[in-house]
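The values are calculated or read from the model by the stated rules, or taken from the named source; none is laboratory data. Owing to the predicted nature of the structure, the values given are computational and were not obtained by experimental measurement. In this analysis, Cβ positions are derived from the backbone assuming ideal geometry, glycine residues included, and neighbour counts consider all displayed protein chains. Calculation scope for accessible area: heavy atoms of the full protein, side chains included, ligands and nucleic acids excluded. Shrake-Rupley method; radii C 1.70, N 1.55, O 1.52, S 1.80 Å.
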Amino acid sequence: MKRTHKHKKHKRRESYVFVPPGTPPGSVIVHPEAAAPTIRVLAYGPGDVLEQQVSDPQRVREFFGKRPVLWVDVEGLGDAATIHALGEIFNVHRLALEDIVTVHQRPKVEQYDDQLFIVARAVYLAEQLETEQISLFVGEDFVLTFQEGRPGDCLEAIRERIRKKGGRIRDAGYDYLVYAILDAIVDSYFPLLEAYGERLETLEDEILLHPQVDTVARIHSIKRDLLTLRRAMWPQRETFNALLRGENSVLTNETHLYMRDCYDHAVQILDLLETYRELGSDLIDMYLSMVSNRTNEIMRVLTVISLIFIPLTFIAGVYGMNFDTESPWNMPELKWYAGYPLALVLMLAVALGQLIYFRRRGWLGPPRGMGVQEEKNNEGA
């Protein structure tokens with residue numbers, strides 16, 4: 001039974017293959033939408049590099065022993081026969097083969113006899129944030145990697161370093177290649193974090209100047225992506241910590257020193273993620289505060305306008321009663337030649353008096369003393 005699960009609300013591409021209960025352990029069930037595998041072989045040493053793309057997994061045997069380091073990289077998990085064939089060639093445990101095609105694995109490290117199995121998660125930003133599982137098998141003279149085959153391969157920079165003999169990768173062993181792969185995966189997080197940091201700064205300026213209706217929705221989208229990054233990086237940090245503890249027989253002591261760099265980068269990424277998540281929460285609070293202040297400002301203006309028209313309505317109501325009798329309590333202003341313009345002048349004077357009073361009390365315009373404080377702040381800056 002195969003079933004694809006997609007989060008329709010957020011349109012996530014993450015999909016899972018659910019195996020029915022009772023399926024034998026180590027069963028390799030590929031996803032129907034998985035990409036067809038492409039096998040790239042890199043055999044290198046200090047002198048030269050052999051690079052070739054092969055279609056038949058059995059041709060990988062031709063590169064055994066030709067160079068000190070053999071790297072077989074498989075992009076795409078859409079063919080179970082290819083995965084089984086490579087597993088047989090490199091003596092990969094069946095449980096590890098099952099973990100390769102089950103692409104929702106948490107980052108981890110496991111020891112299988114004389115091999116080390118590492119699961120890492122790479123990230124990239126296309127239309128939305130995507131994560132990709134990268135599985136590594138490390139033996140005594142080979143490194144075997146499996147990728148899902150999604151766009152944005154973060155390992156291409158390592159291939160270029162091998163081709164051009166950049167750094168010390170050609171002079172080092174297979175364990176240094178493992179470090180380089182893990183380091184490239186971790187470093188792929190930094191451009192994304194920089195992009196999210198710029199988005200948060202833009203949203204902060206937008207909230208202060210002119211908040212939009214969809215501002216909160218965009219902040220929540222960023223926080224959701226940051227949570228996805230945290231879920232991918234948190235167990236990855238524990239993976240590096242397990243490698244640093246030396247609980248394996250594959251990595252040398254010298255490579256342990258380089259692995260500290262990966263661990264430090266993972267800690268730095270987690271710190272940035274926590275900072276950005278807190279900033280996102282603060283931006284939501286700031287947005288709600290700005291909207292509340294804006295509503296209060298509107299209500300204040302409307303209240304002041306109502307207060308201005310209350311006495312004007314009273315004056316107009318008094319002189320609109322039209323009492324004209326011989327009683328000594330009649331309204332003499334009704335007989336005045338300039339009574340109408342005098343009433344208008346009286347209402348205008350009352351309105352102007354109220355405006356001046358409200359302005360001095362700080363009920364209209366900026367609060368009293370704010371301009372002086374801003375001027376002092378500018379002088380101090």
The chain, Gaussian network, Cα under 10 Å: of Asp153, Asp141, Asp205, the residue fluctuating most is Asp205
Could you provide, to the nearest whole Å², the per residue accessible area of the chain with probe 1.4 Å? 56 Å²
Count of Lys pairs (Cα-Cα under 28 Å; at least 8 positions apart or interchain) in the chain: 11
What number, rounded to the nearest 500 deg cm²/dmol, is the helix-based mean residue ellipticity at 222 nm of the chain, given -39500 (n - 2.57) per DSSP H run of at least four residues and division by all its residues? -17500 deg cm²/dmol
Rolling a 1.4 angstrom probe over the protein chains, ignoring ligands and nucleic acids, what is the accessible area of Thr255 in square angstrom, nearest 10? 10 Å²
Inter-centroid distance (Cα atoms) of the range 271-317 relative to the range 142-199, Å: 50 Å
If each residue of separation counts as 0.36 nm, what is the full-extension length gain between Asp282 and Glu62 once their alpha-carbon separation is subtracted? 73.3 nm
Please build a GNM for the chain, connecting alpha carbons under 10 Å apart, and tell me which residue among Leu352, Leu97, Leu208 fluctuates the most. Leu352
For the chain, compute Rg over Rh where Rg is the Cα radius of gyration and Rh is the Kirkwood radius from the inverse mean 1/r over Cα pairs. 1.35
Set the Förster radius R0 to 22 Å, insert the Cβ-Cβ distance between Arg300 and Val350 as r into 1/(1 + (r/R0)^6), and round the FRET efficiency to 0.05. 0.65
Of Val49, Tyr112, Ala122, farthest towards positive along the dipole that unit charges on Lys, Arg, Asp, Glu beta carbons give the chain: Ala122
Please work out whether the range 113-169 counts as rounded, prolate or oblate from its C-alpha gyration tensor, where a ≥ b ≥ c are the square roots of the eigenvalues and a/c under 1.5 means rounded, while otherwise a/b larger than b/c means prolate and anything else oblate? oblate
By the C-alpha gyration tensor axes a ≥ b ≥ c (rounded if a/c is under 1.5, else prolate when a/b exceeds b/c, else oblate), the shape of the range 184-225 is oblate
Between the DSSP loop rule and a limit of at most 13 other Cβ atoms within 10 Å, which trypsin sites (Lys or Arg not before Pro) in the range 29-94 are left? Lys66
For the range 52-60, Karplus couplings with θ = phi - 60° (6.51, -1.76, 1.60), whole Hz, Gly/Pro x: 7, 9, 10, 9, 9, x, 5, 6, 4
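Test of understanding: what is the full-extension gain from Leu257 to Asp271, defined as 0.36 nm times their sequence separation minus their Cα-Cα distance?
Working: separation 14, 0.36 × 14 = 5.04 nm, distance 2.18 nm.
The Leu257-Asp271 span can extend by a further 2.9 nm.
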